[in-house]
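Report on the following structure.
The values are calculated or read from the model by the stated rules, or taken from the named source; none is laboratory data. Being a predicted model, the structure only gives us computed values, none of them experimental. In this analysis, Cβ positions are derived from the backbone assuming ideal geometry, glycine residues included, and neighbour counts consider all displayed protein chains. All accessible areas refer to the heavy atoms of the entire protein, side chains included, with ligands and DNA or RNA removed. Shrake-Rupley method; radii C 1.70, N 1.55, O 1.52, S 1.80 Å.
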Amino acid sequence: MKLGGTYRLKASRDKVWKALNDPEVLRQCAPGCKQMTRAADDSPNISYDVLMEVRIAAIKGSYTGKLQITEEIPRSQYRLILTGNGST
């Protein structure tokens with residue numbers, strides 16, 4: 001699945017950037033994300049272990065995965081990569 005978009009916010013660039021780097025705000029922006037904790041790995045990127053609840057029609061499940069912040073251009077943009085590991 002690929003999600004994308006552009007949104008204009010009535011806030012300063014610094015305030016928006018700070019919010020989008022706050023793990024709790026980021027969790028709320030990820031559809032179905034119920035839990036997000038900083039991963040203890042050796043990745044050069046910031047990454048989080050996540051618990052997601054996904055429902056497609058009558059199929060519902062909880063999945064573990066990893067959310068990584070990559071291709072960061074400070075105060076401008078970054079890419080989020082979410083990978084899933086299967087149902088819990």
_Whole-Hz ³J(HN,Hα) from phi, Karplus 6.51 cos²θ - 1.76 cosθ + 1.60, for the range 23-28, glycine and proline x_ = x, 5, 5, 4, 4, 5
_Using only DSSP helix segments of four residues or longer, with each worth -39500 (n - 2.57), what per-residue ellipticity at 222 nm results for the chain after dividing by its residue count and rounding to 500?_
-4500 deg cm²/dmol
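For a 29 Å ceiling on Cα separation, which of these pairs sit above it: Lys10/Lys34; Lys18/Lys60; Lys18/Lys66? Write out the running numbers ahead of the final one.
On the way: Lys10/Lys34 27 Å; Lys18/Lys60 33 Å; Lys18/Lys66 21 Å.
Listed pairs above 29 Å: Lys18/Lys60.
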*Which residue fluctuates the most in the chain, going by a Gaussian network model with Cα springs under 10 Å, if the choices are Asp22, Asp42, Asp14?*
Asp42
*Quote the accessible area belonging to Ser12 in square angstrom, nearest 10, computed with a 1.4 Å probe and with ligands, DNA and RNA left uncounted.*
70 Å²
*Once Lys and Arg get +1 and Asp and Glu get -1 on their Cβ, which of Ala58, Ser12, Gln68 lies farthest toward the positive end of the dipole of the chain?*
Ser12
*So how much slack lies between Tyr78 and Ser43, counting 0.36 nm per residue of separation and subtracting their Cα-Cα distance, in nm?*
11.0 nm
*Share of the chain's accessible area from carbon and sulfur, percent, 1.4 Å?*
52 percent
*Roughly how big is the range 1-80's charge dipole about its Cα centre, with Cβ charges of +1 (Lys, Arg) and -1 (Asp, Glu), in debye to the nearest 20?*
460 debye
_Tell me the accessible surface of Ile56 in square angstrom (1.4 angstrom probe, heavy atoms of protein chains only), to the nearest ten._
120 Å²
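Local charge sum around Arg27 (other residues, Cβ-Cβ under 14 Å, Lys/Arg +1, Asp/Glu -1)?
Details: positive: Lys34, Arg38, Lys66; negative: Asp22, Glu24, Asp49, Glu53.
Surrounding charge for Arg27 is -1.
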*What are the semi-axes of the equivalent ellipsoid for the chain, taken as the square roots of 5 times the Cα gyration tensor eigenvalues, largest first, in whole Å?*
24, 17, 11
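Across the range 2-53, how large is the tail of the calculated P(r) beyond 18 Å, expressed as a percent of all Cα pairs?
Result: 44 percent of Cα pairs exceed 18 Å.
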